[in-house]
1. What full-extension length gain, to one decimal in nm, is calculated for ILE167 and SER100 as 0.36 nm per residue of separation minus the Cα-Cα distance?
2. Looking at the range 4-109, which GluC sites (Glu not before Pro) are DSSP coil and have at most 11 other C-beta atoms within 10 Å of their C-beta?
3. With the crude spin-label approximation of a point 7 Å out along Cα→Cβ, what separation in nm comes out for LEU21 versus ILE182?
4. Excluding residues fewer than 8 places away in the same chain, name every one of the lysines whose C-alpha is closer than 22 Å to that of LYS59.
5. Per DSSP H run of n ≥ 4, the term is -39500 (n - 2.57); total these for the chain, divide by its residue number, and report the mean residue ellipticity at 222 nm rounded to 500 deg cm²/dmol.
6. If I fit a long axis through the Cα atoms of helix 165-178 and take the longest principal axis of the Cα atoms of the chain, what angle between them do I get, 0 to 90°, rounded to 10?
7. Going by a 4.7 Å Cβ-Cβ cut-off, which cysteines of the chain have no partner at all?
8. List the GluC sites (Glu not before Pro) in the range 148-189 that DSSP assigns to loop (not H, G, I, E or B) and whose Cβ has at most 12 other Cβ atoms within 10 Å. Which are they?
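No lab work stands behind these numbers, since they all come straight from the coordinates. For clarity, every value in this text was computed on a predicted model and none was experimentally measured. We place every Cβ from the backbone using ideal geometry, glycine too, and count neighbours over all the protein chains shown.
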Amino acid sequence: MKPTRDDAMKLLLEYNESDALIQHALQVEAAMIHFANYFNEDVDMWSVVGLCHDLDYEKYPEEHCKKTRLILEENNWDEEYIRGIVSHGWPSCTDEKPESIMEKTLYTVDELTGIINAACLLRPSKSVLDLELKSLNKKFKDKKFAAGCNREIILNGVEMLNIEKNIVFEETIKGLQERAEICGLKGNV
């Protein structure tokens, strides 16, 4: 089955109650939609993959990605969607290495959106709308800032994408800006 955004949102809400995890899913979705357009790929598919990438994390953190595969198989999702989602946990949660452009993008923006979210929360505006690349790079270099976000994964992802880091950062910011209200980063600009 090729799931719709409604299918994805229904599953996301079935397995997640945490506002922070739901907001993170919406932020990753925003970045994925932007990059789907950037690469001229299937926006609907990339949206669904972004929304459901951490589907199992709240209820099954020790089985992250493994439980997602089972849940999506039970719901008859196409393997391309399942693999797209599961591969973002490579290598810590799965042996499925990101191979497609969609998988590499998800792998990269998952952690990057976490750093951007944290950076926005510290801004006077609490918004992504006035976040600049220079500010994000400064936060990225500070290993103590958003320490739970794995910078090595981001840099590995940038390398996999074969795109300059600043372009990936700028495009991710743009994606979040385009859907700032939906993903909770509009703030008070």
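1. Result: 22.2 nm gained on full extension.
2. Passing sites in the range 4-109 are GLU17.
3. 2.2 nm
4. LYS10, LYS67
5. Helices in the chain give a 222 nm mean residue ellipticity of -19000 deg cm²/dmol.
6. Around 80 degrees separate the two axes.
7. CYS52, CYS120, CYS149, CYS183
8. For GluC sites (Glu not before Pro) across the range 148-189 that sit outside H, G, I, E and B with at most 12 neighbouring Cβ atoms in 10 Å, the list reads GLU164, GLU181.
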